[in-house]
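A.B. asks: Mind having a look at this structure? Questions to follow.
Bear in mind these aren't lab numbers, they're just calculated from the coordinates by the rules spelled out. Predicted model only: the values in this text are computed from it and were never measured. Here the Cβ is made from the backbone with ideal geometry for all residues, glycine too, and neighbour counts use every protein chain on show.
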Amino acid sequence: MRYTLTKKQYGVGLAAPQIGQPLALAILGLKPTPTRPNTPKLSLTLINPEIVSHSPKRIAAWEGCISGPDMYGKAMRYGKIRMRWLDGQARSHEKDFEGLVAQVIQHEIDHLNGLLFVDRVKDSKTYVTASEYKKIRLAEVKTTKVKSNSRPA
């Protein structure tokens, strides 16, 4: 699973059911990319992950999935979560996550529960192909850079 994320560079997370294994196991491998330049570098192994609390509202955020790599849409996810899990050495952890990391964790936990990101998309008009998504995200990144560079000192 780690090979798929790091060497093949497919996606930012992978759950055991995606490779035909009936285990409550997921891995995350996040890093900055041209479409997500502010992404923190993070590698996590999640065994028996559970969300123990979350922010009150869900927000729409872009998502795709390596199980269906040519489609993206805006899935509804909690902005902040508190999670409990075991790591690869069976050590217990409990920690708060927010933003993209929280989104990816929720996406992978959904896989463990038989759900896909399309089950979380409320507005079907947000579906786009991978190439359309890349153009949209690169334009958003460019706009963000312009705004941050044009602020008065």
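A.B. asks: When the chain is modelled as a GNM with alpha-carbon springs shorter than 10 Å, which of Ile81, Ile66, Ile27 fluctuates the most?
C.D. replies: Ile66
A.B. asks: Okay, next question. Grab every C-alpha pair in the chain, bin the distances at 10 angstrom width from 0 up to the longest one, and report whole percents.
C.D. replies: 10, 38, 37, 12, 2, 0
A.B. asks: Right, something else. Once you charge only the Cβ atoms, +1 for Lys and Arg and -1 for Asp and Glu, what is the size of the charge dipole of the range 1-89 about its Cα centre, to the nearest 20 debye?
C.D. replies: With only Lys, Arg, Asp and Glu charged at Cβ, the dipole is about 300 debye.
A.B. asks: Separate question: How large is the dipole of the chain about the Cα centre if only Lys and Arg carry +1 and Asp and Glu carry -1, each at its Cβ, rounded to the nearest 20 debye?
C.D. replies: On the way: 25 positive and 13 negative charges, 143 e Å.
For the chain, the charge dipole is close to 680 debye.
A.B. asks: Right, next: Which of Glu63, Glu140 comes first, and how do the rest follow, when ranked by fewest Cβ neighbours within 10 Å? Intermediate results must be reported in sequence, preceding the final value.
C.D. replies: Working: Glu63 23, Glu140 12.
Ascending Cβ contact count within 10 Å gives the list Glu140, Glu63.
A.B. asks: Antiparallel as a % of all DSSP beta bridges within the range 2-149, to the nearest 5? Could you put the intermediate results ahead of the total?
C.D. replies: Working: 32 of 32 bridges.
If we restrict to bridges inside the range 2-149, about 100 percent are antiparallel.
A.B. asks: Which entries in Lys7/Lys41; Lys74/Lys134; Lys31/Lys125; Lys41/Lys134 show an alpha-carbon gap greater than 23 Å? Kindly include the intermediate steps, with their values, before the conclusion.
C.D. replies: Details: Lys7/Lys41 15 Å; Lys74/Lys134 14 Å; Lys31/Lys125 28 Å; Lys41/Lys134 20 Å.
Flagged as over cut-off: Lys31/Lys125.
A.B. asks: By the gyration tensor of its Cα atoms, with a ≥ b ≥ c the square roots of the eigenvalues, what is the shape of the range 13-77: rounded for a/c under 1.5, prolate for a/b over b/c, or oblate? Show your work: numbers first, answer last.
C.D. replies: Working: a/c = 1.35, a/b = 1.16, b/c = 1.16.
Cα axes put the range 13-77 in the rounded bin.
A.B. asks: Quick check: from the Cα gyration tensor, does the range 92-139 come out rounded (a/c under 1.5), prolate or oblate? Write down the numbers at each step before the final one.
C.D. replies: On the way: a/c = 2.87, a/b = 1.59, b/c = 1.81.
Oblate is the answer for the range 92-139, as a/c is 1.5 or above yet b/c matches or exceeds a/b.
A.B. asks: Compute the long axis of helix 99-112 from its Cα atoms, compare it with the longest principal axis of the Cα atoms of the chain, and write down the angle in degrees, 0 to 90, nearest 10.
C.D. replies: Computed tilt is about 40 degrees.
A.B. asks: Right, something else. Run the simple label-point estimate for Tyr127 and Arg84 please: 7 Å along Cα→C-beta, distance reported in nm.
C.D. replies: 3.8
A.B. asks: Follow-up question, since we're still on this one. Could you tell me how far the Cα centroid of the range 76-131 sits from the Cα centroid of the range 1-75, in Å?
C.D. replies: Between the Cα centres of the range 1-75 and the range 76-131 lies a distance of 7 Å.
A.B. asks: Oh, and also: Starting from the Cα gyration tensor of the range 52-105, take the square roots of the eigenvalues, sort them a ≥ b ≥ c, and report rounded, prolate or oblate (rounded when a/c is under 1.5, otherwise prolate if a/b is larger than b/c, else oblate). Walk me through the numbers before you get to the answer.
C.D. replies: Values: a/c = 3.73, a/b = 1.41, b/c = 2.64.
Note, shape of the range 52-105 comes out oblate.
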